[in-house]
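In what follows, a single structure is set out as C-alpha cells and then discussed.
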Amino acid sequence: MSDWKPELDAIVGARHSGRADHVPDLLRKMDARFPNVAEINYQLAWTLDTAGKPADALPHYEKAVALGLEPNEHANALIGLATTLRTLGKPARAADVLRSGQLQFPDNREFDVFLSLALHDLGDHAEALRLALLALCDTSEDPGLTAHQRAIRYAAGRL
C-alpha cells in the first residue's frame, strides 16, 4: 500500500461521515506533499466541485486524468471534468472529454447522457435528444418504454 493511501482514505471517510469543512485543506496539504498522485487530485477536485468551486476543481480534475486513474475512477473523473467544464461555460471542451470517455468506456452509457447535455448547450438539440432517447431505450426496463421502444428508436433516428 502507498504511503499516502491510508491518509487519503481517512480524509475521504471524514468527508462521507459529514465532517467535510476541513477536507479541502487536508487534501491540498496532501497534494503539496504528494504532488503527482492522481487519486489525491481526483478527490480534491471532487471535493471542491461539490463545494461549489468548479474553477478551483478544474485543474485537479485535469491533473488526475493526465496522471491516470483506475478505470472506474477514471470514468468518474472524466464525467466530473466534463460537468465542471459545462458549469464554467466551456461546453465544447466538455463534449470533447465526453466523446473521449465514450471511446474509452463504450459500455458506460452515462457518457451519452452527459454528452447530450453538452450538445444541448452547444445548440445541437436534435443530436442531444437522439443520444438521450437511445440511452433511455438501451437502459430502461420500464414496461411502457420497452413496449414503445421501436417507435422511440424510429423517432430518434429521424431527428
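The values are calculated or read from the model by the stated rules, or taken from the named source; none is laboratory data. Everything numeric in this text was worked out from a predicted model, so none of it was measured. Here Cβ is always computed from backbone atoms with ideal geometry, including for glycine, and neighbour counts include all displayed protein chains.
Quick check: is even one residue across the stretch 74-88 over 24 Å from residue 123 (Cα atoms), crowded, with 21+ Cβ neighbours inside 10 Å and not hydroxyl-bearing (Ser, Thr, Tyr)?
Yes, there is a match, as at least one residue in the stretch 74-88 is over 24 Å from residue 123 (Cα atoms), crowded, with 21+ Cβ neighbours inside 10 Å and not hydroxyl-bearing (Ser, Thr, Tyr).
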| request: Please state which one of 113, 97 is buried (at least 16 other Cβ atoms within 10 Å of the Cβ) and either in contact with an Asp or Glu (Cβ under 7 Å, 6 or more places away or on another chain) or closer than 17 Å to residue 152 by Cα (or both). | output: 113
| Here are some conditions: (1) surrounded by fewer than 21 Cβ atoms within 10 Å (Cβ to Cβ); (2) among the aromatic types (Phe, Trp, Tyr); (3) in contact with a helix residue (DSSP H, G or I) (Cβ under 6 Å, 6 or more places away or on another chain). Residue 42 meets all but one. Which one does it not meet? | (1)
| Matching residues in the stretch 128-152 - criterion: being touching a Leu at 6+ places or on another chain (Cβ under 8 Å) and surrounded by fewer than 16 Cβ atoms within 10 Å (Cβ to Cβ) | 145
| field | Members of the stretch 49-65 found to be at pLDDT below 95 and either buried (at least 22 other Cβ atoms within 10 Å of the Cβ) or of a type outside the set (D, E, K, R) (or both), listed by number | value | 50, 51, 52
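Here is a check on your reading of the model: is residue 28 assigned to a helix (DSSP H, G or I), touching a helix residue (DSSP H, G or I) at 6+ places or on another chain (Cβ under 6 Å) and either on the phi > 0 side of the Ramachandran plot or touching a residue at least 12 places away in the same chain (Cβ under 8 Å) (or both)? Show your work before the answer.
Details: assigned to a helix (DSSP H, G or I): yes; touching a helix residue (DSSP H, G or I) at 6+ places or on another chain (Cβ under 6 Å): no; either on the phi > 0 side of the Ramachandran plot or touching a residue at least 12 places away in the same chain (Cβ under 8 Å) (or both): yes.
Criteria not met by residue 28.
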| message | So, in the stretch 135-144, how many residues would count as being in a helix (DSSP H, G or I) and within 24 Å of residue 102 (Cα to Cα)? | response | 5
| note | Here the qualifying pairs (Cβ atoms under 6 Å; residues six or more apart or on different chains; first in the stretch 144-159 and closer than 26 Å to residue 123 by Cα; second small (Gly, Ala, Ser)) come out as 159/126
